[in-house]
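What follows is a single structure, written as structure tokens, with notes after it.
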Amino acid sequence: MRGNLFALMVHSRPDPCEALKPVLRRLGVDTFSVSSCEEAAHLLQQTEPHLLFTDTMLCDGSWIEVLNLTEDAPAPICSILVGNSKKPVLRQTACEYGAFDCLDSPFDSEAVAQTLQRAARFIKALRERHARAAVA
């Protein structure tokens, strides 16, 4: 992956997000973790992560609330739901709520790499359009 991506990870339990971190690191993605929706809201206003990974289970809210937080972020963010369920309904629901994709554990490095490549292209194009619109 060219150029480092920065990802905010929102999870209150170690599994499955902790297992994803080494895979992301090998692919050139720097990560920072928070354990609550409140912390995520605070950091999204102060940082500009390219990616946001959220667990399906959180201590103070839902993954849907986390996805909604990205709508008010200063820069566009590509959100990815992380879980350990291969339920097609969850994937469909996540996409309906604005997630870019879903990753299920155990993580296949090649599948994660493909998702990140697509997400990197998408967020780069989105941020370029966002920057042009801000100048116009």
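Odds and ends about this structure:
- Looking across the stretch 85-103, the residues that are touching a residue at least 12 places away in the same chain (Cβ under 8 Å) and out of contact with any strand residue (DSSP E or B) (no Cβ under 6 Å at 6 or more places or on another chain) come down to Ser85, Leu90, Tyr97, Gly98.
- Test: Lys21 is closer than 13 Å to Leu103 by Cβ and in a loop (DSSP other than H, G, I, E, B): no
- Some residue of the stretch 31-42 being part of a loop (DSSP other than H, G, I, E, B) and either loosely packed, with under 14 Cβ neighbours inside 10 Å or acidic (Asp, Glu) (or both): no
- Take the conditions (1) touching a His at 6+ places or on another chain (Cβ under 9 Å); (2) of a type outside the set (Lys, Arg); (3) assigned to a loop (DSSP other than H, G, I, E, B); Val82 misses just one of them, which is (3).
- As a summary of the residue check, Ser105 satisfies the conditions (1) over 13 Å from the mean Cα position of the chain (by Cα); (2) within 19 Å of Asn4 (Cβ to Cβ) except for the one numbered (2).
Yes/no per residue for (1) under 11 Å from the mean Cα position of the chain (by Cα); (2) of a type in the set (Asp, Glu):
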residue	(1), (2)
Phe6	yes, no
Met9	yes, no
Arg13	no, no
Pro16	no, no
Gly28	no, no
Thr31	yes, no
Glu38	no, yes
Ala41	no, no
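Only the coordinates and a few stated rules stand behind these numbers; no lab work does. Not measured: the values here are computed from a predicted model. Because the Cβ atoms are built from the backbone with ideal geometry, glycine has one as well, and the counts that use them run over all protein chains shown.
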